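Working notes, beginning with the structure itself.
The values are calculated or read from the model by the stated rules, or taken from the named source; none is laboratory data. Bear in mind the structure is a predicted one, so any value in this text is a computation, not a measurement. Glycine gets a Cβ as well: all are built from the backbone with ideal geometry, and neighbour counts include every protein chain shown.
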Amino acid sequence: MSTSKSQRLVNLVICLLSREQFISAEQIRYTVQGYEDASTQSSFERTFERDKAELEAAGVHLETGPTMDNEATPGYRIRRADVELPPLELTPRAAGVLAIVSEVWSGAARNAELTGALTKLRAGGIRPQLATPVAADPGDSRELELAADLAEFSTKNLVVTFCHTGAGELDPLPRRLEPWLVGTHEAHWYVVGYDLDRDDVRCFRLSRIAELSPVKNQTAEHPRPPVEEIQRILEESVRTFDPSIDARVWVAKGSGAELRAHSHRSTESALGGVDGEELELSSVSLVTIAELVAGAGPNARALEPPELVDAVTGTLRAALEAVR
């Protein structure tokens with residue numbers, strides 16, 4: 001199988017960058033993959049001349065000089081200093097945004113590409129803080145903006161203030177936080193940090209946060225644990241207030257598409273004279289399913305477990321109070 005021109009050019013650049021001494025065209029012909037496709041010496045020479053011209057046009061200069069084997073034979077090399085980029089510098093917000101993008105960017109191939117990009121960033125001294133990679137739903141632009149801002153404030157070691165509305169609560173309360181890490185769990189965004197009002201480590205779901213802003217002239221003072229430890233705190237916190245459950249839910253016929261997507265089994269069932277299906281769900285988020293059931297109104301009903309029924313009831317009561 002022949003080598004593409006682009007691959008051959010990459011191979012040539014790698015070869016010439018890796019040599020401190022000049023290497024002859026003949027050595028290049030038998031060293032660089034792609035030139036073996038040239039059937040004759042003249043064919044190789046024409047291809048090599050075109051490749052040199054293309055690299056020069058792209059700004060990659062091939063330095064010439066005598067080879068070690070024969071000073072009369074011209075050789076080639078690429079000086080690393082001529083092609084290396086200057087040190088990579090990103091603003092704290094740019095590094096934070098990249099960290100957030102890595103959480104959103106789903107798909108194995110694209111995740112692999114982004115992982116490589118993050119590796120290069122870390123090599124350049126940029127160390128965005130990431131939670132365990134999870135494909136999150138990028139649909140809520142407000143949460144994405146909050147996540148990016150919190151990542152920036154965390155990078156700058158700032159203290160932030162915001163209003164937080166707890167689950168089942170109606171009135172938001174002001175909180176002050178030293179943000180450590182922004183991450184996702186079960187497609188929801190969270191921030192972990194040191195809560196100055198509670199004098200303890202806390203985890204907050206971003207959908208319950210509003211009016212975020214940095215505190216002027218105040219920087220974080222509490223030591224930040226290793227990223228692995230913060231990730232563990234995030235996972236344990238989520239399990240505490242959003243445990244994984246097995247559930248049974250009824251949905252009306254033609255309704256509850258998202259609930260159906262979480263189910264692994266369904267059976268036809270009528271409820272109150274309305275045709276529908278009973279869904280079985282395993283290892284799902286209590287909060288997510290409660291919100292989906294409550295959001296479906298009369299077209300869905302939580303059946304089991306009791307904590308799901310209570311969560312749906314609490315969500316509906318809070319919504320009712322909010323509009324009174």
Report task. Need at least 1 residues that are modelled with pLDDT of 90 or more and exposed (fewer than 14 other Cβ atoms within 10 Å of the Cβ) per element, so show me which helices (runs of 4 or more DSSP H) inside the range 16-122 make the cut, counting only ones lying wholly within it. Result -> 41-57
Report task. Quick one: in the range 185-211, of everything that is among the small types (G, A, S) and under 22 Å from L170 (Cβ atoms), which residue is modelled with the lowest pLDDT? Result -> S207
**Report entry** strands (runs of 3 or more DSSP E) enclosed by the range 187-290 - at least 3 residues per element that are outside the structural domain of E152 (by TED's automatic domain parsing)
**Finding:** 244-252, 263-271, 274-285
Report task. Go through the range 203-223 residue by residue and tally those that are under 22 Å from the mean Cα position of the chain (by Cα) and surrounded by fewer than 21 Cβ atoms within 10 Å (Cβ to Cβ). Result -> 3
Report task. Say whether the condition of being over 23 Å from T3 (Cα atoms) and not polar (S, T, N, Q) is met by at least one residue in the range 14-22. Result -> yes
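Restricting attention to the range 267-319, report how many residues are touching a Leu at 6+ places or on another chain (Cβ under 8 Å) and without any contact (Cβ under 8 Å) to a residue 24 or more places away in the chain.
At the first step, the residues of the range 267-319 found to be touching a Leu at 6+ places or on another chain (Cβ under 8 Å) are 278-279, 281, 286, 289-290, 292-294, 296, 300-302, 307-309, 311, 318.
Filter once more, so that each one left must be without any contact (Cβ under 8 Å) to a residue 24 or more places away in the chain: 309.
Of the residues in that region, 1 qualify.
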